[in-house]
Amino acid sequence: MRVSPDSAAIGVEGLWKIFGPKAAKVLACDDRFLEPAALREKTGCTAAVRDVSFDVRPGEVFVVMGLSGSGKSTLVRCLTRLVEPTAGRVVIGGEDVGAATPARLRELRRHHVSMVFQHFGLLPHRRVIDNVAYGLEVQGRPRAERHARAAEILSLVGLDGHADAFPDQLSGGMQQRVGLARALAVDPQVMLFDEPFSALDPLIRRDMQAEVIRLHREVGKTMVFITHDLSEALKLGERIAIMRAGSIVQLGTPEELVGAPADDYVADFVRDVPRSHVLSLRWISRPPEPGEPLDGPELPASTVIKDAIAAASESSRPIRVVDGDELVGVVDRVDLLTFLSGQDTGDTVTAA
Amino acid sequence: MKIRLLAGLLALGLATACGGATVESAPSATPAEGSASASAPTGTVKIAINPWVGYEASANVVAYLLKNELGYTVELPEIKEQLAWEGFETGDVDVIIENWGHPDLKKQFIEEKKTAVEAGSTGNKGVIGWYIPKWMADEHPDITDWKNLNKYADLFKTSESGGKGQLLFGDPSYVSNEAALIKNLKLNFKIVTGGSEAALIKGAQQAQAQKKPLLFYFWDPHWLFSKTELVRVKLPEWTEGCDADPKKVACDYPEMDLDKIVSTRFAQSGGKAYELVKNFSWTNEDQNAVADDMTNGGMTGEEAAKKWVEANPAKWQAWIPQ
Amino acid sequence: MSSTAVSTPSGLRVPGWLAPAGVAVLFAAAYLVFRGTGTLPHDSEAPQFAAVTELREWIDDHRNDNPVFLYFLNYVRLFVGGVYGLFHGALTALGWPGLIGVMGALAWLAGGWRIALPAVAGFCSFGVLGLWESSVETLALVAAAVLLSLAIGVPLGIWAGLSRRAHRAVTPVLDVMQIMPTFAYLAPLALFFHIGAPAGTIATMIYAIPPAIRITALAVQQVSPTAVEASASLGATRAQTLVKVHLPLARSTMALAVNQTIMMALSMVVIANLINAPGLGSDIILGLSRAQVGIMLPAGVAIVVMAMVLDRMTVSVARRGPHSRIGRAGLAGAGALAAAGVTLGLVLPHEWPEALTVDLVAEINDAVLWAETSWYGVTTFIKDTTSYLLLNPLESLFTTAPWWLVAAAVLLAAWRVSGVRPALTALGCLLAIALLGTWEHAMRTMTTVAVAVSVTLVIGLLLGVAAARSARWSAVQRPVLDAAQTMPAFVYLLPALALFGTTRFTAIFASIVYAVPPVVRLVEEGIRNVPGTVVEAAASAGSTPGQLLWKVQLPMARRAILLAANQGIVMTLAMVVVGGLVGAGALGYDVVLGFSQRTDFGMGFIAGVATVLLGVMLDRITQGADRRPSPHQRKVT
C-alpha cells in the first residue's frame, strides 16, 4: 500500500507544530508526549500537530478528518507553510518545502498548490472575475490573459454570467464556487480544501460535494480535503486520515476505517455509519463450504454490500465474490442477513 | 502626488539652507513673509495687539493711517506682551505700539539679540497701581494707606480668596509686581486673577454700583476713570532702583513714558510705515476717547479710529512722512 | 450569581464594609493629628522653576547657533511651516468662491449632494460671520496637521496592525499621549519650535496622531484573516497582500481614522493659538481675554460648523460599501460645482464681500449682559454654594493634609481599584509632582477635578440609565450627544464664561459639559450590552424594573461604568487645565502664566509636566476597570 516518497504528490514525515513561546524547547524534551491539557499547564504551549506522517498519491483525494481542535486545519496550513511547522519534513512534487527560500515558496504557492478556505476569503472590493484572477494577478500576468482564464474557470464551476457581480451579492454556495474557481485558476497540481463546505447549508453542501467529485473527475488534481464531517469524508475520500489531539489515529480507505477501526475512538466515530453502504463483499465473503453450489451470480469483491442485495434476492444461490478472475469467496443470503441485522449494534465491529 | 510635492519641498528647504536653518531664515511664519513683500515699500505691517483697550486704540489709529494714507496692508495679530518681543525674531511682529517699561526685555532683545529697536515715545504717560472705589475711601479714610490694608482685609474676602483679602488682577501677561509686593509688605491678601481687562472693569463697575468692596490692579491712561470714581491706594513711594530686583520689590509702580518698539528689520526696511510709527505720538485724552468709543460706543477698532482721524486731522497729518 | 456559591469560613465572617470604614477612620484620625504638618506650599521661585527658566534663556540665546537647532529642530520648523504655507497659499489662491466650490465638490464625491449642500452652506457661513480669513487659516492649519499626522500615523498604524511586537511597543506611548492634557505640550513646543504656525501645527499633530495610529492599526487588524491567508496561499508577496488586501479592506475604518484625526486637530487648533498659531482660535482667545462672548461665539460657531462639515464628509466615506463607485451624475455634479467655484474665484474679488457679512458682536454681548444681570442671583448662588460647601473645604483638606498621608491614600485607592503595578505608578507620579515643587497647585487642581468628576458621573449615570431604559429618550438624546462630541473642547468654555465669569466654577461647569456626553454613552452601552437572556431570566423571575437595574444591569455593566469614570476623569482634567484661562487657577493658570511672563516660564513648563503626571496618576487609579477581572471572578477562581 505504501507509496515511495518520490512518486508521491505530497509526502509528510514526522511533522510537528507546537504553538507557544517555548515551542522549540518543548519539542526537544519529553514534554512533547504530555497530554494537551498537561502540556498547556506546564509550558503554556499547545501541540496542534504531533508527529504526523503520510503520503498523498498523485491524483488522489486524501481526506483529513477530525473534530474541531484536532489540529487538522493547522496540519493543512503546515503543508505550504502558511503556518510554519516546528519540526518535520514536507515534500511536494519532489521538492522539500521546509528548505524552500521565501521566493521559492511563493513560486510553489503560485503554481503548484492552491487552497480553498472555510470562510471563502474573498475580497469584497473586487468583482468576481477579479477575485478569480487574483492568483494570476500576483503572478504578474497581463490583465487580458488573466481575465480570459478566469472566465473559462468561471464557466467550469458554473458561474457563467456572474463575472461582474461583487462577492456580497452572491449566495454562500456561489461564493465558495468563486473560492474554488480562484484556486483552480492558477492550474495547480495540488488543491487543499480547509473545511470548504462546513459554513454552507446541508443541501448546498451536497451540491458542492458533487461538484468537487465532478471536478476531480474532469481535471484530475491531487486533493487534500479537510473536514469534520464523516459522511463527507467517506463520500469524497479515497483514503482518510483520522486525527485526534494532533496525531493521526488511523489512516486507511473508508472500508478499512469502518470495517476495522484502529481503536475505540475511531470505532465510536464510525459507529453510526451504515456499514452496508461502505463495506464491500470482500469483508463478509467466506470460503465456500464443501458442497456449496458455485453457479450463483458473480460480483466483484469491491461491490458495496448493499448493492449485492438485489443479486442475492434474485438468486437463491450464494453469490460468487471474485477479484478479477480469481474467486475470493462466497456470500449467501444468510450471511447478508446476519451482517445487516448486526450492523447497527456495533458489536460485530469490535468482534471483527 | 502630494508626497512627491512634500519631498520636493523638503529638498528645497535643505538645499536653500544647507548651512543649517536659523529661525530668521524661516520663511514660514506667515504667507506674507513667504511672498517677500514684508519689507517692500507698500507691504504688510504686523502690529501686535496686546490685551488692553488703550493699546488697541493706538494700534487701530496707526493701522488706519497706514492703510488709508500710505496704502499698506496691516495685520493685527493677537500676541501678548512678552511673546510679541519674541515675534520680532520670527517675523510674526513688526511693531509693539505701546510698551510699558520692560527693561529686562529691552536689555535682551535690543541690546543683546539686536532684534528690536526703540521707536520713540507714544506721548502717553502710564502708571499702574492698586485702586478701590471712591465710596470705600469715603467710608474708611485711612484705607488708602497700604499700612492699613491688613486692617480691612476682611472686607475684601471672597469665595475665591481663601480666607484672605482679595486683590483682583487682570490678564496674566500684564506687568506685575503684585506677588512680590504682597509678600514683601506682609499683606494678608491673595491675588485672584480675573484673566482680562474686562474682568477688572466689570469688577470696578459692580463695586461702584452695588457697593461691593474691591481692591484691584489698574492703570492710567484708561477711559474708566471718566466713568467711575476710583481712588489709588498709596504703596511705599517709588524711588530709583527700588524695583530693580523683581523678587524684592516693595514699592509702588513708577510713572512710565510709554514707548514704541519695532523689529530691527522693520526699522531698516520699513520705509514710510516705519516713519509713521516713529512719528506717532498723542495724549492720554486722545487714547481714552478712542478706547471709550471702542468699549462703550459699540464701535469696532477701525470705526473708532476713523472717527478720531476725521476729527483730528491736524494731529495725525504731522505724523505722515513726506 | 455564581459568586453566592462561594462561602467564607464562618469563623472569619466580618461585614464587608468594616475594612474600608476602618481605613477611612484611620485616615481621618491621621489627618486630624497631622494636619498642617508636612504640607508642601507653593513657592513660585522654587529652584526647579528657576532652572527651567534659565534653560529657556539658554535655548533662546543659542537657537541659531546650537547644532541640534541648526540642523534638526529648525528644519522641522521650516518644513512644517512650509507645508502650512503651501496649504494656506493654495486655499487663499482659490478665493472664496473657489474654495467653497472645491469643498462642495469634495463633499459631493464623498457622499452625494446631501453632504455637498450643507458643506457649501457651512463654508458660506464662515464668510457671513465675517471670519473668512481666520477660517481659511484654521482650515490650512488643520489640513497641514492632518496630512502630516497621517503621513506619520498611517504607516505606524499599519506597522502596529501587522506586527504584534510593534503594537506592544506603541501602545503605552499612545496611552500617555492620549491622557496628556493638551495644555501641557505647549510650553515645551514653544521652547523647541518657537511660536507661530509651525509650532501650532506641531502641537496639533501631537494631539491628532494617536487616533490616527490606533484606528489604522485596528483597521488593519480587523481585515479578515482568511482573505489575508488566501492571498498568501496564492503566493502573493507581503507587499502585494498589503496593497491588494489589507489596505482596500481597511479603507472604511481608515476613513474613520482620518475623521478622528481631523476632529482632534480641530479641537487643538484653538488651544494652539496660545503659542500664536493663526486662525479662528485667535478670535476665541481674544474673546476670552476680553471676556466678550460676542467675539467668541461666531468663531466658536465657525469651528463647530467646520467640524460638522468635515465630520460628515469623512463619515460618509467611511460608511460607503466596500465596492461602491461614484456615479457619473455625482462626478458631473461635483465637477460642475468645482469648476463654477474656481471660475467665479477668478472673476470675483478674493475677499468675501462685506455686504454679505452679518455682525452680531454687539447683539450677542448685549444678550450675554442681559443673561448675566438677570440671572446674577442664581448663578452667583450656585457658584458660591459650590465654592463654600464643596470646593473650599475639599481644597483645604488636600492642601493641609501631610503629603505622605495623601500619598498613602492614593496608593491604597489605586491598589484597591486597579492592582499593584498601577498603584506604584500612581505613587511615583505623585512623588514626582512633589519633587517638582508643584504639590500645592496639583492638589488644588485635583480638588477641582474631583468635584467636576463627581457631578459628571452623577449626571452621566442618570442620563445613561435613562437612555438605556427608554428607547425614545435615547433617540432624543443621541443626536445631541453626537453634536456635543463633534464640538472642539474649547467651545464649552463659552457658555460657562457667560454664566459664571472667571472663576474656578466656570472651569468645572465647562468640564462637566465636556465630559458628560462620552460618560453617558459608555454607561448606556454598558447597560445595553448586558445579554438579553440574563435580563429575560431576571424578568421572568419576577424582578421589578428597579431590581433589574440594581441587581442585574448595573452590576453587569460595572466595567463599562468604571471605564466611563476613567474617561470622565481624563477629560475633566484636560478641561480643568484649559480652565486656567478662565479662572480655574492652580496648574492650568501656571501654564498660562508660563506663556505670558518670561520669568515664570519654568513654573509654567513644570506645571505642564505636573499636569501630565497628574493625568497618568488619575488614569492609573481608575484604569483597573478595564484590565482587572471583576472581584466576583476572582473569588470564584
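The values are calculated or read from the model by the stated rules, or taken from the named source; none is laboratory data. All values reported here derive from a predicted model rather than from experimental measurement. All Cβ positions, even for glycine, are placed from backbone atoms using ideal geometry, and neighbour counts span all protein chains on display. Quick note on the areas: whole protein, heavy atoms, side chains included, nothing else; ligands and nucleic acids left out. Shrake-Rupley method; radii C 1.70, N 1.55, O 1.52, S 1.80 Å.
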Margin query: Suppose each label sits 7 Å from its Cα in the direction of the beta carbon; what would the C:Val480-C:Trp17 distance come out to in nanometres?
Written below: 3.4
Margin query: For the interface of chains C and A, what total accessible area is buried with a 1.4 Å probe, rounded to the nearest 100 Å²?
Written below: 2000
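Nothing charged except the Cβ atoms of Lys and Arg (+1) and of Asp and Glu (-1): what's the magnitude of the dipole of chain C about its Cα centre? Round to the nearest 20 debye.
Working: 38 positive and 30 negative charges, 617 e Å.
Roughly 2960 debye for chain C.
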Check: Which whole-angstrom value gives the distance between the alpha carbon centres of region A:157-181 and region C:566-587?
Finding: 57
Checklist line | Solvent-accessible area of C:Cys124 with every protein chain in place, 1.4 Å probe, in Å² to the nearest 10 | finding: 40
Next item on the list: With springs only between Cα atoms under 10 Å apart, run a GNM on chain B and tell me which of B:Pro246, B:Pro51, B:Pro133 wobbles the most.
Entry: B:Pro246
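For chain A, what proportion of DSSP beta bridges, expressed in % and rounded to the nearest 5, is antiparallel?
Values: 26 of 47 bridges.
Counting only bridges with both partners in chain A, antiparallel ones make up about 55 percent.
Given Cα pairs under 8 Å that are at least 6 residues apart, what percent is the relative contact order of chain C? Let's see the in-between values first.
On the way: 937 pairs, mean separation 133.9, N = 637.
Here the relative contact order equals 21 percent.
Using heavy-atom solvent-accessible surface (probe 1.4 Å) with all chains present, what is the largest-first order of B:Trp100, C:Trp108?
Numbers: B:Trp100 10, C:Trp108 70 Å².
Most to least solvent-accessible, the answer reads C:Trp108, B:Trp100.
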Checklist line | Residues C:Arg238 and A:Asp51, FRET efficiency given R0 of 41 Å [Cβ-Cβ distance, rounded to 0.05] | finding: 0.85
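About the Cα centre of region A:58-147, what is the dipole size in debye to 20, counting +1 per Lys and Arg Cβ and -1 per Asp and Glu Cβ, all else neutral?
Values: 13 positive and 8 negative charges, 51 e Å.
Taking the Cα centre of region A:58-147 as origin, the dipole is about 240 debye.
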Check: Which percent, nearest 5, of DSSP beta bridges in chain B are antiparallel?
Finding: 60
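For the protein assembly as shown, give the share of DSSP beta bridges that are antiparallel, in percent and rounded to the nearest 5; count only bridges with both residues there. Please list the in-between numbers first.
On the way: 44 of 78 bridges.
Roughly 55 percent of the beta bridges in the protein assembly as shown run antiparallel, per DSSP.
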Check: Per residue and in Å³, how big is the convex hull formed by the alpha-carbon atoms of chain A?
Finding: 175
Notebook entry, point to check: Taking the Cα-to-Cβ direction at A:Gln169 and at B:Arg232 and moving 7 Å from each Cα, how far apart do the two end points lie in nm?
Noted result: 8.5
Notebook entry, point to check: Considering amide H positions built from the backbone, and no H for Pro or chain starts, which residues 5 or more places from A:Arg244, or on another chain, come under 5 Å of its amide H?
Noted result: A:Val249
Next item on the list: With θ set to phi - 60°, apply the Karplus curve 6.51 cos²θ - 1.76 cosθ + 1.60 along region C:335-346 and write out the HN-Hα couplings as whole Hz, x wherever there is a Gly or Pro.
Entry: x, 4, 4, 4, 4, 4, x, 5, 4, 4, x, 6
Next item on the list: Arrange the residues C:Phe509, B:Phe156, A:Phe19 by how much accessible surface each exposes, largest first, with a 1.4 angstrom probe.
Entry: A:Phe19, C:Phe509, B:Phe156
Item checked: ³J(HN,Hα) computed for each position of region B:294-307 - Karplus, 6.51 cos²θ - 1.76 cosθ + 1.60, integer Hz, glycine/proline x -> 5, 7, 10, x, x, 9, 7, x, 5, 5, 5, 5, 4, 4
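Run the numbers on chain B and let me know its relative contact order in percent, using alpha-carbon pairs under 8 Å that are six or more apart. Spell out each step's value before the answer.
Numbers: 539 pairs, mean separation 80.8, N = 322.
Result for chain B is 25 percent.
Pairs to check: B:Lys183/B:Lys211; A:Lys17/A:Lys72; B:Lys67/B:Lys306. Give those whose C-alpha atoms are more than 20 Å from each other in this structure. Could you put the intermediate results ahead of the total?
On the way: B:Lys183/B:Lys211 28 Å; A:Lys17/A:Lys72 11 Å; B:Lys67/B:Lys306 11 Å.
Too far apart for the 20 Å limit: B:Lys183/B:Lys211.
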Note to self: Can you give me the long-range amide H partners of A:Val330? Hydrogens built in the peptide plane at 1.01 Å from N, cutoff under 5 Å, separation of 5 or more residues or another chain.
What the structure shows: A:Arg286, A:Val321
Notebook entry, point to check: How many nm separate the modelled label positions at A:Arg104 and A:Glu41, each set 7 Å beyond the Cα in the direction of the Cβ?
Noted result: 4.4
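Under unit Cβ charges (Lys, Arg +1; Asp, Glu -1), what dipole magnitude, rounded to 20 debye, does region C:389-637 have relative to its Cα centre? Provide the component values of the computation, followed by the final result.
Details: 18 positive and 10 negative charges, 157 e Å.
It works out to roughly 760 debye.
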Checklist line | Accessible area per residue in Å² at 1.4 Å probe, computed on chain B | finding: 41
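What percentage of the solvent-accessible surface of region B:126-256, computed with a 1.4 Å probe over protein heavy atoms, is contributed by carbon and sulfur atoms?
On the way: 2850 of 5530 Å².
That share works out to 52 percent.
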Check: How much accessible area does B:Lys227 have with a 1.4 Å probe, in Å² rounded to the nearest 10?
Finding: 110
Item checked: Which of B:Glu285, C:Glu525, B:Glu275, A:Glu232 is most accessible, then next, and so on - probe 1.4 Å -> B:Glu285, C:Glu525, B:Glu275, A:Glu232
Next item on the list: Assuming R0 = 22 Å, can you tell me the calculated FRET efficiency for the pair B:Gln205 and B:His140, based on Cβ-Cβ distance, to the nearest 0.05?
Entry: 0.60
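If I stretch the segment between C:Trp473 and C:Ala24 completely, what's the gain in nm (0.36 nm per residue apart, minus their alpha carbon distance), one decimal?
Stretched out fully, the C:Trp473 to C:Ala24 stretch lengthens by 157.7 nm.
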Notebook entry, point to check: How much area per residue is accessible in region C:389-637 when the probe is 1.4 Å and only protein heavy atoms are counted (Å²)?
Noted result: 38
Checklist line | Förster radius 35 Å - calculated FRET efficiency between A:Arg143 and C:Leu346, Cβ distance, rounded to 0.05 | finding: 0.30
Notebook entry, point to check: Per the helix-only calculation at 222 nm, which mean residue ellipticity applies to the protein assembly as shown, given -39500 (n - 2.57) for every DSSP H run of n ≥ 4 and division by its residues, nearest 500 deg cm²/dmol?
Noted result: -18000 deg cm²/dmol
Next item on the list: Mind grabbing the accessible area of C:Phe87 for me, 1.4 Å probe, Å², rounded to tens?
Entry: 50
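Evaluate the relative contact order of chain A (contact order divided by residue number), counting alpha-carbon pairs under 8 angstrom at least 6 apart; express in whole percent. Before the final figure, lay out each step's value.
Details: 638 pairs, mean separation 58.5, N = 352.
Relative contact order of chain A: 17 percent.
First compute the accessible area of region C:389-637 with a 1.4 Å probe, then give the percent of it belonging to carbon and sulfur atoms.
Numbers: 6550 of 9510 Å².
The C+S portion of the solvent-accessible surface of region C:389-637 is 69 percent.
Nearest 100 Å² is fine: what is the total accessible surface buried where chains B and C meet, probe 1.4 Å? Let's see the in-between values first.
Numbers: alone 15670 and 30240 Å², together 41190 Å².
That pair of chains buries around 4700 Å² in total.
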